[in-house]
1. So if we plug the beta-carbon distance of GLU113 and ALA26 into 1/(1 + (r/R0)^6) with R0 = 30 Å, what FRET efficiency do we get, rounded to 0.05?
2. Compute the Kirkwood hydrodynamic radius of region 52-112, taking the inverse of the mean of 1/r over all pairs of distinct Cα atoms, and give it in Å to one decimal.
3. Evaluate the distance, in nm, between pseudo-label points positioned 7 Å from the Cα of THR126 and of LEU77 along their respective Cα→Cβ axes.
4. Can you pull a Stokes-Einstein diffusion coefficient for the chain at 4 °C (1.567 mPa s), Rh from Kirkwood over Cα pairs, as a whole number of µm²/s?
5. Angle, helix 22-34 long axis vs. longest principal axis of the chain, Cα atoms, 0 to 90°, nearest 10?
6. Go ahead and estimate [θ] at 222 nm for the chain from helices alone: -39,500 (n - 2.57) per DSSP H run with n ≥ 4, summed, over the residue count, rounded to 500.
7. Using 0.36 nm per residue of separation minus the Cα-Cα distance, give me the extension gain between ARG42 and GLU57 in nm, one decimal.
Amino acid sequence: MPESERYVEMGRLFMRGFVGSPLGIAALALSKLLGLLRALERMGRNFKQATNYLESEFTAVSATEVRLRTFTGPAFLPRVSDHTTRVADYRRGLIVEMLEQIGTKDARVESVEHHPERQDVTFRITWS
């Protein structure tokens, strides 16, 4: 498979492993209880539980579309040497798998803005 798809798959595999852990089981149950929109809104909080350098911003566009911006915090950028699209692909894999795990089968995740030098990616997430 192409390199970009390998990174998507790595993100998906990480998320599958996470939802198999005690913390992941609880997070998945809460996400299902909250529903898709609120679960996506909480993604920033979820990222913070896993890492201290990843930040996010959530914008609801409509009842079936959101924008989710994920970026490396400015204080950490000098320590990051890999400024490639792999970050975007990996994060897309995380999001795609999370959506499937909570039961959303028709969601689409696409990168609409990407700044590799800042590891800053905005995703458009839609569903019906």
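A short reminder: the numbers here are calculations on the coordinates, not readings from a lab. Small disclaimer: the values here were computed from a predicted structure and weren't measured. Heads up, the Cβs are rebuilt from the backbone with ideal geometry, glycines too, and the neighbour counts pull from every protein chain shown.
1. Working: r = 32 Å, r/R0 = 1.07.
Computed FRET efficiency for GLU113 and ALA26 comes out at 0.40.
2. On the way: mean 1/r = 0.0759 Å⁻¹.
After inverting the pairwise mean of 1/r, the radius is 13.2 Å.
3. 3.0
4. Numbers: Rh = 14.8 Å.
Stokes-Einstein gives a translational diffusion coefficient of 88 µm²/s.
5. It is inclined by approximately 60 degrees.
6. On the way: 5 runs with 60 residues, N = 128.
After summing the helix terms and dividing by the residues of the chain, the value is -14500 deg cm²/dmol.
7. My answer for the length gained is 4.4 nm.
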